[in-house]
Amino acid sequence: MLKRLRNAHPVLFCILVEVLFLGSLFVSDLVFTFALLFARADFSALDGYLYSGLQELVGTLVVVLVLQKTGRLGLLRRRGSGFFNGLLVGMYPLVMIGYSLAGSLMFERPDDRALLPPVRILTFLLSMMMVGVAEEFVFRGVVAQTLLEHYGTSRSGIWKACLVSGVLFGAAHLTNLLGSAPFGVLMQCLFAASLGSLFAAIYFRTGNIWVTVFLHGMMDISSMIIGGMYGTVTMAESVSSYDSSMLISVAVYLIPMLFLLRRKKLPEVQLYWNAYAKK
């Protein structure tokens with residue numbers, strides 16, 4: 001059924017998979033919460049990043065099942081341009097990650113807080129990378145991939161696939177309205193939409209999902225590194241603090257797409273994806 005829906009109504013299929021993924025996170029949250037209540041666990045001592053990482057693991061398993069049912073599980077094994085060559089294609093976000101990490105670690109470390117225990121820092125790092133795995137599998141491996149196959153590998157088709165998948169990625173962050181300030185969530189959605197479009201372009205140029213998994217995970221780590229190491233701020237609090245300056249990110253991430261998807265580089269996309277795309 002999923003394969004038929006994917007072929008007949010690809011955009012509807014993408015929305016359905018997004019809802020299924022987000023629903024799996026919600027259901028796993030309920031299951032874990034009730035299990036902890038039943039075990040009379042101390043919620044104040046709960047490692048939130050470990051909890052979040054387990055939710056993302058459940059979401060990842062759901063997406064892998066979707067890939068298997070639609071005959072696209074092999075995409076996870078595709079080498080494409082290779083991982084390290086792919087990082088050269090994704091050099092722009094990689095530089096941004098390095099800049100963010102350096103700035104945070106040099107100028108934002110609190111003087112009145114000690115580092116969290118190494119185990120807590122490790123769970124933070126693993127949780128952020130797990131977010132990268134889960135969200136890249138669903139939004140690039142399923143959504144962007146499906147849209148590219150539907151729109152084709154012409155210049156307009158590639159751009160449509162990037163932008164529509166980016167919008168769907170941004171919309172997924174509306175779920176943060178459950179715990180963060182509405183304006184901050186709106187800014188996050190716009191930021192995520194532009195970033196998702198850029199990640200789709202990198203995925204199409206490299207043919208390797210693990211490149212964007214790594215970039216996505218590292219970007220999440222760099223944005224939350226102080227909170228993850230010192231316990232100063234939660235993800236919900238961080239989102240609530242977003243203001244209109246986040247609008248700059250729309251240009252910051254969409255302009256590099258013009259470079260990545262310039263006309264002379266389109267044959268690289270077609271090399272990796274013509275066999276899948278609609279003729």
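Worth pointing out:
- Filter result for THR123 (touching a helix residue (DSSP H, G or I) at 6+ places or on another chain (Cβ under 6 Å), β-branched (Val, Ile, Thr) and farther than 25 Å from VAL58 by Cβ): no
- Selected residue (only one of SER223, SER194, SER180 is over 16 Å from MET91 (Cα atoms), small (Gly, Ala, Ser) and surrounded by fewer than 20 Cβ atoms within 10 Å (Cβ to Cβ)): SER223
- Helices (runs of 4 or more DSSP H) wholly inside segment 1-85 containing at least 3 residues that are out of contact with any Lys or Arg (no Cβ under 7 Å at 6 or more places or on another chain) and among the β-branched types (Val, Ile, Thr): 10-38, 48-69
- Matching option when the condition is farther than 19 Å from LEU2 by Cβ, buried (at least 16 other Cβ atoms within 10 Å of the Cβ) and in contact (Cβ under 8 Å) with a residue 24 or more places away in the chain, among GLY59, GLY90: GLY90
- Checking every residue in segment 112-119 against the condition of being free of Cβ contacts under 8 Å to residues at least 60 places away in the same chain and under 22 Å from the mean Cα position of the chain (by Cα) gives zero matches.
- Scan segment 228-238 for residues that are surrounded by fewer than 19 Cβ atoms within 10 Å (Cβ to Cβ) and either in a helix (DSSP H, G or I) or without any contact (Cβ under 8 Å) to a residue 24 or more places away in the chain (or both) and the total you get is 5.
- Yes/no for GLY207 being touching a residue at least 24 places away in the same chain (Cβ under 8 Å) and surrounded by fewer than 21 Cβ atoms within 10 Å (Cβ to Cβ): yes
- Which numbered condition TYR51 misses (of (1) surrounded by fewer than 16 Cβ atoms within 10 Å (Cβ to Cβ); (2) modelled with pLDDT under 90): (1)
The values are calculated or read from the model by the stated rules, or taken from the named source; none is laboratory data. It should be emphasised that the depicted structure is a prediction, and the values quoted were computed from it without experimental measurement. Please note: Cβ atoms are built from the backbone with ideal geometry, for glycine as well, and neighbour counts cover all protein chains shown.
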